[in-house]
Every structure is written in structure tokens, then in C-alpha cells.
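Structure first, commentary second.
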Amino acid sequence: MTGNEGAEYSKLDEVQDQVNKVKGQMQQNIRQVLDRGEDLDHIEGKAEDLADTSEGFHQTSKKVKSKMCWKYVKANIMLTCLILLIIAVIIIIAVCTSGQCKQKKN
């Protein structure tokens, strides 16, 4: 083996080392891409679940809004009736204390 052949082997070893380094880096890159793909699939699944949950929340909130609206209407009707009843009692008391209730009985 001459000095020239030894230099060729060392260059060949150097090139092989570089190829191995590039190969290792490419394998690492491929693993990272696959991991990202799994992460994206996981995120996509979560996004779909969130969309389903938000649709359910939207429907439930509409029902609650409708119920609360009817409670508000009922409360206003009851309050109006109560006020009218109080006004009627006040009018009856005022009329009876003025003596007009007793006059009609006679």
C-alpha cells in the first residue's frame, strides 16, 4: 500500500462519515415530521371535539335564553296584575270610606 492509496482510503472514510452524518440527520428529520403529523392529527381531533361541544353549547344557550325570556314575561305579567290589584283595593277603600258604599246598601 502506497501513500497515495492510504490518502484515498482516508478520503473514502471521510466521505463515508459525512454520508453517515447526513443519513442520521435525515432519519431524525423524518422522525420529527412523523411526530408532527401525529400531533396535527391529535390537534385536528381536538378541534373536531371542540366544534361538536360548541354546537351543543350553542343549542343549550338558545334554550336557556328562551326559558329566561318567558320567565321575564311571566314576572312582568304577575307584577302588572299585582299593581292593578293594589290600585283596585285602594280605589275600593277610597270609595267605601267616602260613604258611597253605605249609601248604595240603603
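The values are calculated or read from the model by the stated rules, or taken from the named source; none is laboratory data. Computed from a predicted structure; not experimentally measured. Here Cβ is always computed from backbone atoms with ideal geometry, including for glycine, and neighbour counts include all displayed protein chains. These accessible areas exclude ligands, DNA and RNA; they are computed on the full protein's heavy atoms, side chains included. Shrake-Rupley method; radii C 1.70, N 1.55, O 1.52, S 1.80 Å.
Which percent of the accessible heavy-atom area of the range 13-77 goes to carbon and sulfur, probe 1.4 angstrom? Exposed carbon and sulfur together represent 60 percent of the surface. To the nearest 10 degrees, how steep is helix 3-97 against the longest Cα principal axis of the chain, on a 0 to 90 scale? Between helix and principal axis, roughly 0 degrees. Taking Cβ separations below 4.7 Å as the criterion for a possible disulfide partner, the isolated cysteines in the chain are Cys69, Cys81. Just to be sure I understand: with springs between alpha-carbon atoms less than 10 Å apart, which residue in Leu84, Leu12, Leu34 has the highest mean-square fluctuation in the Gaussian network model of the chain? Highest fluctuation of the listed residues: Leu12. When Met26, Met78 are compared by accessible area of protein heavy atoms, the largest-first order is Met78, Met26, using a 1.4 Å probe. What you get for the range 5-106, charging only the Cβ of Lys and Arg (+1) and of Asp and Glu (-1), is a dipole of about 2540 debye around the Cα centre. Among Val64, Val33, Val95, the residue with the largest mean-square fluctuation in a Gaussian network model of the chain, with springs joining Cα atoms closer than 10 Å, is Val95. When Rg and Dmax of the Cα atoms in Å is calculated for this entry, the matching label among (i) 14.0, 44; (ii) 44.6, 149; (iii) 16.1, 46 is (ii).
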